[in-house]
Amino acid sequence: MSAFISADPTVAPKRADRLPFGLGLAAGAVAFAIFLGTPGVAFAAESTEISARRVTERKIFSDNEIMNGFFKIAFGAELQTTGRTDRVRKYAAPVRVYVDNRSKVDRRAELAAVVADIRARVKNLDIEITPDRNLANVKVTLVRDRDLAQTIRRFYGRERAEQIQRSLNPQCLSGFRKDESYRIVSSDVIIVADAGDFLFRDCAYEELLQALGPINDDASVPWTMFNDDVSMGFFDVYDQYLLNILYDPRVRPGMTAAEVRALLPQVLPTVRTWIADINGLAQESNDPARH
């Protein structure tokens with residue numbers, strides 16, 4: 001990024017070697033909208049790859065499985081240079097997303113649908129698209145595949161870009177700046193728009209969500225998109241748990257893991273009820289005492 005407000009410029013990539021589409025593949029002839037069944041939002045049919053993943057998605061988790069993933073994903077960072085990563089980092093203000101399309105494949109409508117879906121599924125998160133760059137605290141840049149490396153250099157500078165490319169080999173990327181109270185003040189997201197429909201959806205969800213705070217990737221959590229071996233293409237139930245815990249108003253920026261752990265017996269029941277309602281899950285099947 002060109003200038004960091006925080007001493008901890010933190011980034012999270014989606015690696016090129018974990019994706020079903022490689023660099024250089026052309027996009028499909030017709031871009032698709034998103035079908036997620038979100039109340040009040042109409043979408044067209046989605047790809048068969050995403051539909052197949054929905055069929056096999058696990059939706060019921062124990063308290064320990066949810067808490068274990070939360071502490072691994074919400075704390076730490078896949079790549080950071082200075083500053084502490086052992087505190088909660090999140091937005092404490094409304095999140096406004098500006099989309100800058102620099103690709104011949106215009107996916108702004110699809111990105112707006114992803115933002116609307118995130119808003120619908122995270123209870124206490126105020127997030128929406130804005131047409132005004134000056135009002136945005138999240139800026140998403142949609143680029144051509146061949147322009148990705150150049151864009152990373154422009155955002156992060158040559159030295160940092162070389163570190164990112166060498167360590168992470170990203171296909172898309174997000175990063176944020178935080179203040180001294182661990183409140184995120186701005187985020188940048190870079191997504192390749194012309195390398196396939198599934199890749200775009202997978203990148204859009206993961207990078208937008210990581211730009212909101214849960215920026216660490218962990219291979220030991222098998223149900224999260226924040227795992228280099230997992231590609232979803234939609235906002236899965238497990239990650240809805242993580243984001244709804246993070247954005248519960250009782251979980252505040254700057255909290256330690258111990259402070260959050262003490263709150264979770266009060267937070268988790270509220271989150272479970274919300275997740276069950278928004279996903280049409282039976283409450284009795286979602287009862288943590290049964291798992």
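Could you give me the residue pairs with C-beta distances under 6 Å whose first residue belongs to region 57-69 and is closer than 18 Å to GLN266 by Cβ, whose second residue is modelled with pLDDT of 95 or more and of a type outside the set (A, V, I, L, M, F, W, C) wherever it lies, and which are 6+ apart or on separate chains? Listed by first residue and then by second, the contacts come to ILE66/TYR241. Scan region 212-219 and tell me whether some residue there is at pLDDT below 90 and either β-branched (Val, Ile, Thr) or assigned to a helix (DSSP H, G or I) (or both). Yes, region 212-219 contains a residue that is at pLDDT below 90 and either β-branched (Val, Ile, Thr) or assigned to a helix (DSSP H, G or I) (or both). Annotation note: Cβ proximity below 9 Å between a residue of region 207-230 that is at positive phi and touching a residue at least 12 places away in the same chain (Cβ under 8 Å) and a residue that is crowded, with 23+ Cβ neighbours inside 10 Å and assigned to a loop (DSSP other than H, G, I, E, B) (sequence gap 6+ or interchain) occurs for GLY213/ARG89; GLY213/TYR91.
Of all residues in region 127-156, those satisfying the criterion of being surrounded by fewer than 16 Cβ atoms within 10 Å (Cβ to Cβ) and either touching a Lys or Arg at 6+ places or on another chain (Cβ under 8 Å) or under 19 Å from GLU110 (Cα atoms) (or both) are GLU128, PRO131, ASP132, ARG133, LEU135. Has region 120-134 got at least one residue that is hydrophobic (A, V, I, L, M, F, W, C) and at pLDDT below 90? Checked against the condition, which is being hydrophobic (A, V, I, L, M, F, W, C) and at pLDDT below 90, region 120-134 yields no hits at all. Across region 238-257, which residue is farthest from LEU212 (Cα to Cα) among those that are of a type in the set (A, V, I, L, M, F, W, C) and in a helix (DSSP H, G or I)? For region 238-257, the residue satisfying everything is ALA257. Could you tell me which residue of region 157-204 is farthest from VAL237 (Cα to Cα), considering only residues that are among the aromatic types (Phe, Trp, Tyr) and surrounded by fewer than 23 Cβ atoms within 10 Å (Cβ to Cβ)? The selected residue is TYR182. Quick one: would you say ASN124 is surrounded by fewer than 16 Cβ atoms within 10 Å (Cβ to Cβ) and in a helix (DSSP H, G or I)? So ASN124 does not fit the description; no. In region 258-270, the residues that are assigned to a helix (DSSP H, G or I) form Cβ pairs under 9 Å with partners that are polar (S, T, N, Q) and at pLDDT 95 or above, at six or more places apart or across chains, as follows: VAL267/ASN244; THR270/ASN244. Among (1) exposed (fewer than 15 other Cβ atoms within 10 Å of the Cβ); (2) part of a helix (DSSP H, G or I); (3) among the aliphatic types (A, V, I, L, M), which single condition is ALA276 missing? Only one criterion in (1) exposed (fewer than 15 other Cβ atoms within 10 Å of the Cβ); (2) part of a helix (DSSP H, G or I); (3) among the aliphatic types (A, V, I, L, M) is unmet by ALA276, namely (1).
The values are calculated or read from the model by the stated rules, or taken from the named source; none is laboratory data. Computed from a prediction, not measured in an experiment: that's the story for all the values here. Counting neighbours? That spans all protein chains shown, and the Cβs are built from the backbone with ideal geometry, glycine included.
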